[in-house]
Structures are given as structure tokens and as C-alpha cells.
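What follows is one structure encoded as C-alpha cells, with my remarks underneath.
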């Protein structure tokens, strides 16, 4: 699978050498087919000092990952070879910042509270 190859190419540098050239990696191979609808908001880094300098984009369509792929993902290391961990941060207040929803569809209804992202934010971002 394409995701396997991408993950393996990120792991190899730390298993055999300090760096490696990754040829012709195309991110669209690991993205869902539909990238036409997404959420976007201004946020912060997930690790200290948590600078508010990031524009986050979350695709509406999730991608799936096998247990093997998850294992490969967890094997990726930082530059010093240490594990990547504790890089999450609790949800923060919006503080007046908008969450934008973009869809290339002409007509859409967006209030599906079964979507965990929408449920966490509540109905304040619903659009018709």
C-alpha cells in the first residue's frame, strides 16, 4: 500500500543512517479521494511554547490505517532518535476565532453531529 511505503521511508533514516533522500513522495497518494470539503481554523502548535502560528486543515473524509501501518507510524523517530510522544494538547477555547468549512459541493447540509469533530464544536458551525 502507498501509506506503507511512505511510512517506511520515514522510518529507514533512523534505523540505518542519520538521513535519507525520499524520492517522489506524493502526499495525495495517502489522502482520501475527496479533498473538496474540509475545516480550517487558526490554532497553535501542540507542544510548548504552543505558539499560535498554525492554520490547521482537517479533511471531512477520514483516512483509515491498518494495525501494521499504525505500528510503522509509531516507529517514526525525532531527529535525535527519540520517540515522538506527548505531542497532543487538550481542545482550547475558540476565543472568537472562526472555524471555516469549505465544500466544493453546490448544495450541502452540514449539521451531522455523528461527526466527532462537529459534535465537539456543537452546532455553532452548522451551515445550510
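Data for the structure
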quantity	calculated
Residues satisfying the stated conditions in region 58-94, i.e. surrounded by 12 or more Cβ atoms within 10 Å (Cβ to Cβ) and over 26 Å from residue 32 (Cα atoms)	94
Single condition residue 55 does not satisfy, out of (1) loosely packed, with under 13 Cβ neighbours inside 10 Å; (2) assigned to a loop (DSSP other than H, G, I, E, B); (3) modelled with pLDDT of 80 or more	(2)
Subset of region 82-118 [at pLDDT below 80 and over 18 Å from the mean Cα position of the chain (by Cα)]	104, 105, 106, 107, 108, 109, 110, 111, 112, 113, 114
Residue match in region 63-80 (condition: touching a strand residue (DSSP E or B) at 6+ places or on another chain (Cβ under 9 Å), at negative phi, without any contact (Cβ under 8 Å) to a residue 40 or more places away in the chain and assigned to a loop (DSSP other than H, G, I, E, B))	no
Test for residue 57: is it within 25 Å of residue 28 (Cα to Cα) and touching a strand residue (DSSP E or B) at 6+ places or on another chain (Cβ under 7 Å)	yes
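The values are calculated or read from the model by the stated rules, or taken from the named source; none is laboratory data. Quick caveat: nothing in here was measured; it's all calculated off a predicted structure. Backbone-built Cβ (ideal geometry, glycine too); neighbour counts: all protein chains shown.
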